[in-house]
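The structure under discussion appears below in the form of structure tokens.
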């Protein structure tokens, strides 16, 4: 298996190290604000997970989804209902939340597999709105606009509802999710995702079932998003339909666009940017939307490869090749590359 | 072994392929020739089920290929390379070839995500198989490159490797020599020669001089119909064939010269 | 009972007229430039603020404000095409969708920053009273909506079939490459198409304002209905878009009346899924084939 470039491995280690040390640092120095910051960073971990999941679907498989807030909501509500009514423990809640989202994605996935980009975007968008409406309307189950309170999280009987414990659990889940997705992209199914995105005709000729692969990608992405949603619910302790509106769908989209496509570090970086902007601008209505919208437009037009492109430059894999060709994957937001120009490769030589 | 009978394809009012029969034995190199627009690629599209037929049957041994979906064809042993390579730009050279093995590698969703030793072993075996094939064409050292960075000729070679790696019984090649340089062509000729001893290769090709020596049979199509079929030398001298390629006067000259 | 049904249907038609306008705009843009303008709603909303500002601060007469909004919409559309979309060239579907979405976010954010999210009221001039057509009542709003749809559709029809500009647009729809080769000023025509498309969206937004009030997110729901209507109509023909939008309006009204107002979107979404599952190219759409 191809090992990630040294730069990325270092970044990953640093990231995890910082993440592990942070709570202790906060306990020592942050005083009153410790809980707040633990909460904020934990939420970031859940967003990062959604970003990775959405990138798997959009960046890697080329299927647009503007309704991932719907899967997030399904996961969150599943956990909330299970916890508030039956006191289900954290692990079971997470698993069932993921499962519920996966099943919901099947409803979407089957017709989606037959749709071209335009229609798929609209249908997924409609899905997100519909879930929001159902959450609001079905108040017997979801508490309607009153929302739901979760019981404190427990794991095999042990209470783990403290911000400290939940932080580490969320971090662990994020790391596991990244591990799973990375493995997937380096094996047969992950390759088939990319094949479906790049050339359905060629992929089919090699035995990749196109529609089924798209559905599988949807299901994987929804499952991870659902699990992230369940963690979000436990972290917040309380959820209501307004948490999962179309603005959230836009935020998710922004994460992936900024991150660049088919890149796990890019997705996490995109989540970092979006979350930071959103948190910083949250007091002024419209500001975060304006900033992120502007960034999306700028990235689409001028930096199509997003953070991933940045990483590629920094890891110096780039030997001066034109931006469009080097990093391989067609960016989420980029002009179509021209027919490849035949170039002699000094580095490897051709003949 | 591969028997296509009475293949007829219509696009609206146009008959692209008109009652063509073609059969391909177990082994050997066979050429499908004809001017542009003769319906050759369409015929390939029928064989790989990309294109629906108005009439006809396609059998590989006992298997009725027309009853299968496009992604099921390679499992029965029919693989193809494309006129324009159709590579996967977001995957590396090696990964492109590994997709070619999709039907032969048993690694599922959960296995791929968790990656237990058994799955890792299967992936490594697939990698080894891909490696041996890439090495034969001296492409192994480019395995981490992106297809877009390769010269066009090497992209076409990669496409061929991708098709071969699934160990097909019948390999369909669509103008594999188009775009190859003088240095790359001999590599491909040698590969085809070697593989022709192990499997059937049906090749659409215009550069007949490159492959005349290694092919045992040429089938010529024009306007959707089969107009000639036989040993290369005979077909090349066939007036009908000459006429469709070069025009009527050239054919008359050729006949007068005999 | 019959009167009730007729009433619901008619009101649905009037509401559907707005969806139809949005759908028409989307289809005009999509047919010529092959881009799905997700910013259609936001752009319409922006010019509605222009109209509202003129009404409130300049004391302008209502129809003048509406006219100004339409002109502004045209300008925004053309500008968007020239400045932004033209840079994309032949980018993928996803790229274009993402760009227009980003644009929508940007516009909504900026308007929210400038005007806040408080709803601003905007009312039709009260000079008209309700009209009685047999047993059913037509509110002034309904009449205005339907009239606008009729007038604008007719104008579009005339534009496309009788003027050279319209003909040019249709030639681009068929084959932009060939059109360019034949000297058609494709870029200029595309900006015109975008101008018209957004104008239609702007008209829909201004007409919706009396009901929804003027807020930065006023068009979000209507946009979805517009999309759905366009999809049902196959995203190809203008007639299809019109019919799709009107049909959706009627269906939606029945759902609101007999099922539940809060589940209308869910119902439409389910309907859309069913339609697309059965006919992936929409009700009136034609299959698209790709050559290998």
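The values are calculated or read from the model by the stated rules, or taken from the named source; none is laboratory data. Computed from a prediction, not measured in an experiment: that's the story for all the values here. Cβ sites come from the backbone with ideal geometry, for glycine too, and all protein chains shown count toward neighbours.
Considering each residue of segment B:23-45, count those that are closer than 20 Å to residue B:198 by Cα and buried (at least 19 other Cβ atoms within 10 Å of the Cβ), and give that number.
The total comes to 5.
Among (1) touching a residue at least 60 places away in the same chain (Cβ under 8 Å); (2) outside any loop (DSSP other than H, G, I, E, B); (3) farther than 20 Å from residue C:123 by Cβ, where does residue C:205 come up short?
Against the list (1) touching a residue at least 60 places away in the same chain (Cβ under 8 Å); (2) outside any loop (DSSP other than H, G, I, E, B); (3) farther than 20 Å from residue C:123 by Cβ, residue C:205 comes up short only on (3).
All but one of (1) more than 12 Å from chain A (Cβ to nearest Cβ); (2) crowded, with 21+ Cβ neighbours inside 10 Å; (3) not in a helix (DSSP H, G or I) hold for residue C:35; which doesn't?
Single failed check for residue C:35: (1).
Is there a residue in segment B:116-134 that is crowded, with 20+ Cβ neighbours inside 10 Å and not in a helix (DSSP H, G or I)?
Within segment B:116-134, not a single residue is crowded, with 20+ Cβ neighbours inside 10 Å and not in a helix (DSSP H, G or I).
Residues checked against (1) in contact with a strand residue (DSSP E or B) (Cβ under 7 Å, 6 or more places away or on another chain); (2) over 18 Å from residue A:82 (Cα atoms); (3) not in a helix (DSSP H, G or I):
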{"residue": "A:132", "(1), (2), (3)": "no, yes, no"}
{"residue": "A:135", "(1), (2), (3)": "no, no, no"}
{"residue": "A:140", "(1), (2), (3)": "no, no, no"}
{"residue": "A:151", "(1), (2), (3)": "no, no, yes"}
{"residue": "A:167", "(1), (2), (3)": "no, yes, no"}
{"residue": "A:170", "(1), (2), (3)": "no, yes, no"}
{"residue": "A:174", "(1), (2), (3)": "no, yes, no"}
{"residue": "A:177", "(1), (2), (3)": "no, yes, no"}
{"residue": "A:182", "(1), (2), (3)": "no, yes, no"}
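Can you name the condition, by its number, that residue A:21 falls short on among (1) free of Cβ contacts under 8 Å to residues at least 12 places away in the same chain; (2) crowded, with 16+ Cβ neighbours inside 10 Å?
Of (1) free of Cβ contacts under 8 Å to residues at least 12 places away in the same chain; (2) crowded, with 16+ Cβ neighbours inside 10 Å, only one is false for residue A:21: (2).
Going by the conditions given, is residue C:202 more than 22 Å from residue C:47 (Cα to Cα) and buried (at least 19 other Cβ atoms within 10 Å of the Cβ)?
So residue C:202 fails the test.
Return the residues of segment A:85-124 that are part of a helix (DSSP H, G or I), more than 14 Å from chain C (Cβ to nearest Cβ) and farther than 18 Å from residue A:228 by Cα; say none if nothing qualifies.
Hits for segment A:85-124 are A:85, A:86.
For (1) surrounded by 21 or more Cβ atoms within 10 Å (Cβ to Cβ); (2) more than 21 Å from the chain's Cα centre (by Cα), each residue gets a yes or a no:
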{"position": "A:12", "(1), (2)": "no, no"}
{"position": "A:30", "(1), (2)": "no, yes"}
{"position": "A:48", "(1), (2)": "yes, no"}
{"position": "A:54", "(1), (2)": "yes, no"}
{"position": "A:71", "(1), (2)": "yes, no"}
{"position": "A:76", "(1), (2)": "yes, no"}
{"position": "A:82", "(1), (2)": "yes, yes"}
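Which residues, taken from segment B:58-84, are within 11 Å of chain A (Cβ to nearest Cβ), outside any loop (DSSP other than H, G, I, E, B) and either on the phi > 0 side of the Ramachandran plot or touching a strand residue (DSSP E or B) at 6+ places or on another chain (Cβ under 8 Å) (or both)?
Residues satisfying the conditions are B:76, B:78, B:79, B:80, B:81.
Residue C:232 versus (1) in contact (Cβ under 8 Å) with a residue 60 or more places away in the chain; (2) touching a helix residue (DSSP H, G or I) at 6+ places or on another chain (Cβ under 7 Å); (3) under 15 Å from residue C:22 (Cα atoms): which is the lone unmet condition?
The single condition residue C:232 does not satisfy is (1).
Looking only at segment B:197-212, which residues are modelled with pLDDT of 85 or more and over 18 Å from residue B:47 (Cβ atoms)?
Result: B:197, B:198.
Given the criteria at pLDDT 90 or above and under 30 Å from residue B:12 (Cβ atoms), does residue B:80 qualify?
Yes.
Evaluate segment C:87-94: report whether one residue or more is more than 7 Å from chain A (Cβ to nearest Cβ) and out of contact with any strand residue (DSSP E or B) (no Cβ under 7 Å at 6 or more places or on another chain).
no
Is it true that some residue in segment A:126-135 is more than 10 Å from chain C (Cβ to nearest Cβ) and either more than 29 Å from residue C:228 (Cα to Cα) or at pLDDT 85 or above (or both)?
yes
Which residue out of A:257, A:196, A:201 is within 13 Å of the chain's Cα centre (by Cα) and either within 12 Å of another protein chain (Cβ to nearest Cβ) or closer than 30 Å to residue B:95 by Cα (or both)?
After ruling out the rest, the residue left standing is A:257.
Just give me the residues in segment B:135-152 being within 20 Å of the chain's Cα centre (by Cα), surrounded by fewer than 23 Cβ atoms within 10 Å (Cβ to Cβ) and part of a helix (DSSP H, G or I), in sequence order.
B:136, B:152
Restricting to segment C:167-185, and then to whatever is without any contact (Cβ under 8 Å) to a residue 24 or more places away in the chain and surrounded by 19 or more Cβ atoms within 10 Å (Cβ to Cβ), can you tell me which residue is nearest to residue C:52 (Cα to Cα)?
Top of the filtered list is C:168.
Could you figure out which of (1) in contact (Cβ under 8 Å) with a residue 24 or more places away in the chain; (2) more than 26 Å from residue C:80 (Cβ to Cβ); (3) in contact with a strand residue (DSSP E or B) (Cβ under 9 Å, 6 or more places away or on another chain) isn't true of residue C:130?
Going through (1) in contact (Cβ under 8 Å) with a residue 24 or more places away in the chain; (2) more than 26 Å from residue C:80 (Cβ to Cβ); (3) in contact with a strand residue (DSSP E or B) (Cβ under 9 Å, 6 or more places away or on another chain) one by one, residue C:130 breaks only (1).
Checking residue C:72 against (1) touching a helix residue (DSSP H, G or I) at 6+ places or on another chain (Cβ under 9 Å); (2) over 18 Å from residue C:191 (Cα atoms), only one condition comes out false. Which one?
(2)
Only one residue in C:74, C:115 is at pLDDT 85 or above and in contact with a strand residue (DSSP E or B) (Cβ under 9 Å, 6 or more places away or on another chain). Which one?
Criteria check complete, one pass: C:115.
Take the conditions at pLDDT 90 or above and under 21 Å from the mean Cα position of the chain (by Cα) and apply them to residue B:164. Does it pass?
yes
Quick check: anything in segment C:180-198 at pLDDT 85 or above, away from every other protein chain (no Cβ under 14 Å) and within 21 Å of residue C:7 (Cβ to Cβ)?
The answer is no; no qualifying residue exists.
Considering only segment C:207-229, state which residues are closer than 13 Å to residue C:111 by Cα, at the interface with chain A (Cβ under 10 Å from one of its Cβ atoms) and crowded, with 24+ Cβ neighbours inside 10 Å.
Answer for segment C:207-229, where residues must be closer than 13 Å to residue C:111 by Cα, at the interface with chain A (Cβ under 10 Å from one of its Cβ atoms) and crowded, with 24+ Cβ neighbours inside 10 Å: just C:216.
Restricting to segment C:249-272, give me the number of residues that are within 18 Å of residue C:7 (Cβ to Cβ) and in a helix (DSSP H, G or I).
The number of residues fulfilling the criteria is 12.
Report yes if residue B:158 is surrounded by 19 or more Cβ atoms within 10 Å (Cβ to Cβ), within 7 Å of another protein chain (Cβ to nearest Cβ) and not in a loop (DSSP other than H, G, I, E, B), otherwise no.
It is false that residue B:158 is surrounded by 19 or more Cβ atoms within 10 Å (Cβ to Cβ), within 7 Å of another protein chain (Cβ to nearest Cβ) and not in a loop (DSSP other than H, G, I, E, B).
I need the full set of residues from segment B:98-123 which are more than 7 Å from every other protein chain (Cβ to nearest Cβ) and under 21 Å from residue B:143 (Cα atoms), in order please.
B:101, B:104, B:120, B:121, B:122
Using the structure shown, decide if residue A:297 is crowded, with 21+ Cβ neighbours inside 10 Å and within 9 Å of chain C (Cβ to nearest Cβ).
Against the criterion (crowded, with 21+ Cβ neighbours inside 10 Å and within 9 Å of chain C (Cβ to nearest Cβ)), residue A:297 qualifies.
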